[in-house]
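Notes for the one structure printed next.
The values are calculated or read from the model by the stated rules, or taken from the named source; none is laboratory data. All values derive from a computational prediction rather than experimental measurement. So basically every Cβ, Gly included, is an ideal-geometry build from the backbone, and we count neighbours across all protein chains shown.
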Amino acid sequence: MDFTGGLDDNPWAPTATAAEINVLQRKPDSPPLEHISQDLDMFDPWADPTRAQLPDFSLGQRPETKVAIDDKEEEETHDVVARDTEVADFPNGLFYIRSVLSHKVLDVRGGSKKADTQIVLWSQKKDGMQTLNQLWLYHEGFIVNVNSRLVLDIRGSLSPNDLDTARIIQYNRKEKEDAHNQLFAYDEGRIYCQAKPHLVLDVADKSSEEGVEIIINERDDDRVSQIWSFEEVQASFDKEKLLGVGKSHWWK
């Protein structure tokens, strides 16, 4: 069955304000935020990314979720096999999604806010507007990108014969009854498709290169490229405002 969607423009494009996601307000148990500019309250993270003199802000982080692994002594591949994970679900707040294989994180190619943009691996960023396209929020089964407010989507068919061409993209959120290729869950370090739990997020060619594509693949317990951990960002924000609740039928 083919779940490919259309190519509608992103209705979220930059209408939000800094008040909608106050990433600079420290929680009581958070470590101090560093390098805070005095005028950051006026900073609009949804504004034109090409503008000059973007302020620099660093987010306080909790220790990232760890996945227990055993090293397999293989001279060439140095693969590791995931055995267990300390979490059973996604974090409640904003978070990075990190590949245990390369320690790189999920990113949107080119920081785009457009639907049908490929999801890739990239080195983690911790300052400025470029951080936002690496941050995610889990909501009712959808994995939402903070920068675009689009959701992770499997582009292509979920048929076993078509998995070679299936890719992970960001896309406009669908109604739940039609969102078979957009609903994900997390178990034993794997992010899997709720409609077909044997299909999990994977890294193309088990690569650690910058910009490598994220794909959907059959679960393989010996494939460490399918194992993911989370690093939650301690940032105060209004979840409903971030998701645009009340502004669109998408987030009723």
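Here are a few things to note about the model shown:
- With respect to being buried (at least 20 other Cβ atoms within 10 Å of the Cβ), under 25 Å from K114 (Cβ atoms) and touching a His at 6+ places or on another chain (Cβ under 9 Å), V144 falls outside the description.
- When we screen D202, D220 for residues that are modelled with pLDDT of 95 or more and assigned to a loop (DSSP other than H, G, I, E, B), the only hit is D220.
- For I119, the conditions (1) assigned to a helix (DSSP H, G or I); (2) crowded, with 22+ Cβ neighbours inside 10 Å all hold with the exception of (1).
- Restricted to region 187-199, and to residues there that are part of a loop (DSSP other than H, G, I, E, B) and under 18 Å from the mean Cα position of the chain (by Cα), the residue that is nearest to T131 (Cα to Cα) is G189.
- Output for region 122-134, where each listed residue is surrounded by 22 or more Cβ atoms within 10 Å (Cβ to Cβ) and within 21 Å of R190 (Cβ to Cβ): Q134
- Residue within region 116-127 that is without any contact (Cβ under 8 Å) to a residue 24 or more places away in the chain and either charged (D, E, K, R) or more than 20 Å from E209 (Cα to Cα) (or both) present: yes
- Only one of the listed residues (L163, L137, L183) is surrounded by fewer than 21 Cβ atoms within 10 Å (Cβ to Cβ), touching a Gly at 6+ places or on another chain (Cβ under 9 Å) and at pLDDT 95 or above. That residue is L183.
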